Amino acid sequence: MPQPTRVSMSMVAQRAGVSGQTVSRVANDSPRVDPQTRARVEKAMAELGYRPNRAARALRTGRTQTLGLVAQTLATVGNSRMLQAVAEAAASRGYALTVLTLGADADIDEAFDRLRDQGVDGAIVLNEATALARDAASAGLRLVVIDSPPDERFTVVGTDHAAGARAATEHLLASGHATVHHLAGPAGSFAAAERERGWREALAVAGVEPPEVARGDWSAASGHDLVRRMPASGVTAIFAANDQMALGALRALAESGRRVPDDVAVIGFDDIADAAQFQPPLTTVRQDFDVLGEQAVGRLVSWIEGEHPADLMLAPTLVRRASS
């Protein structure tokens with residue numbers, strides 16, 4: 001069976017009525033092409049199914065058009081959504097994506113070495129891995145870190161988790177609850193620590209002594225177990241550090257005969273795709289994973305192209321539903 005003919009730059013040039021050099025400039029994102037000509041060349045590329053040769057481009061530009069992504073795990077809903085958002089944003093800019101998960105061993109230095117060996121142009125580090133990145137030998141890698149304290153070595157993109165947690169806690173207090181119990185995320189997670197901080201700050205402003213924190217691992221099973229072991233009396237409001245733990249809390253409350261929100265109000269964090277389908281629909285704090293991924297990739301590409309971009313903090317939104 002004959003192999004399909006690879007579309008060449010000269011074929012694109014002939015279709016667009018331009019020189020091969022002009023096609024090369026468009027393929028390499030050169031600014032030295034006027035918009036009308038660029039549009040004509042891009043139209044010809046699309047019609048012919050032209051795909052740039054990455055190896056040849058890397059030799060010409062010193063770039064591989066490949067980004068790295070490092071995560072502790074992709075098993076959590078938040079990390080899997082971030083992976084999807086980053087992958088789509090990278091593809092829209094013509095970049096491939098190499099993904100490394102650290103697993104239980106958490107050797108981020110080895111992960112960075114592997115990315116350097118593969119010649120990535122830069123990398124994005126997700127959530128729990130950010131604490132490790134601050135102590136890693138990241139020299140030579142352009143890094144955008146999702147959810148981290150400011151660090152001059154990185155560009156940081158994140159959600160204002162503390163502000164979201166404050167809004168959730170204030171909403172519950174304003175609804176008449178004397179206090180709010182917190183299902184916290186795992187120790188060592190920057191996002192979990194910031195959400196706990198926001199919860200504590202809202203209680204402090206209201207003059208309320210915070211109850212003992214119940215610490216989970218982001219999973220629905222941990223939320224279920226923590227709430228199942230809570231006392232039946234004295235708990236009227238729960239702020240969970242993510243929607244999965246809130247889901248486990250709803251199940252534990254239903255099993256004990258406590259009604260939501262009549263007996264216990266529940267708020268989560270993230271606004272995952274199914275949060276509105278929980279029973280009852282979950283009040284939660286929405287962080288926009290699509291915008292996070294888009295901004296992380298955009299800033300990394302800007303850095304690759306010579307501009308060290310500023311940090312960015314995105315404001316979350318409290319989404320009120322029936323659970324509170």
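Here, each number is a calculation from the coordinates, and none is a lab measurement. Quantities reported herein were computed from a predicted structural model and do not represent experimental measurements. Cβ sites come from the backbone with ideal geometry, for glycine too, and all protein chains shown count toward neighbours.
Among T101, T66, T284, the ranking by other beta carbons within 10 Å of each residue's beta carbon, starting with the fewest, stands as T101, T66, T284. For segment 161-286, just list the percent of Cα-Cα distances falling in each 5 Å bin from zero outward, please. Computed distribution, short to long bins: 2, 13, 25, 27, 22, 10, 2, 0. Note that the chain, at 37 °C in a medium of 0.692 mPa s, gets a Stokes-Einstein diffusion coefficient of 150 µm²/s from its Kirkwood radius over C-alpha pairs. The simple spin-label model puts a point 7 Å past each Cα toward its Cβ; for E307 and Q36 those points are separated by 2.7 nm. The three principal axes of the C-alpha atoms in segment 9-52 carry coordinate ranges of 23, 18, 15 Å, sorted with the longest axis first. Within the shell defined by Cβ-Cβ distances under 10 Å, the residues around R299 carry a net charge of -2, with Lys and Arg each +1 and Asp and Glu each -1.
Here the relative contact order of segment 161-286, from alpha carbon pairs under 8 Å that lie six or more residues apart, stands at 24 percent. For segment 200-324, a simple Cβ point-charge model (Lys and Arg +1, Asp and Glu -1, everything else neutral) yields a dipole of about 600 debye relative to the Cα centre.
Taking label points 7 Å from Cα along the Cα-to-Cβ direction, S92 and A104 give a separation of 3.9 nm. Relative to the Cα centre, the charge distribution of the chain, modelled as +1 at Lys and Arg Cβ and -1 at Asp and Glu Cβ, gives a dipole magnitude of about 1320 debye. Other residues within the sphere of radius under 12 Å centred on the Cβ of M313, judged by their own Cβ, net out at -4 (K and R +1, D and E -1).
Residues E110, E212, E194, E201 in ascending order of nearby Cβ atoms (within 10 Å, fewest first): E212, E110, E201, E194. At full extension, V291 and A322 could sit 8.5 nm farther apart than now, given 0.36 nm per residue minus the alpha carbon distance. A dipole drawn for the chain from +1 and -1 charges on Cβ atoms has a positive end, and of N242, A315, V227 the residue lying farthest that way is A315. Computed from the C-beta positions of A46 and R116 and an R0 of 45 Å, the FRET efficiency is 0.85 to the nearest 0.05.
Legend: ranking of residues W303, W218 from fewest to most surrounding C-beta atoms inside 10 Å; resulting order W303, W218.
Each of A221 and V208 was given a label point 7 Å from its Cα along the Cα-to-Cβ line. The distance between the two points is 3.1 nm.
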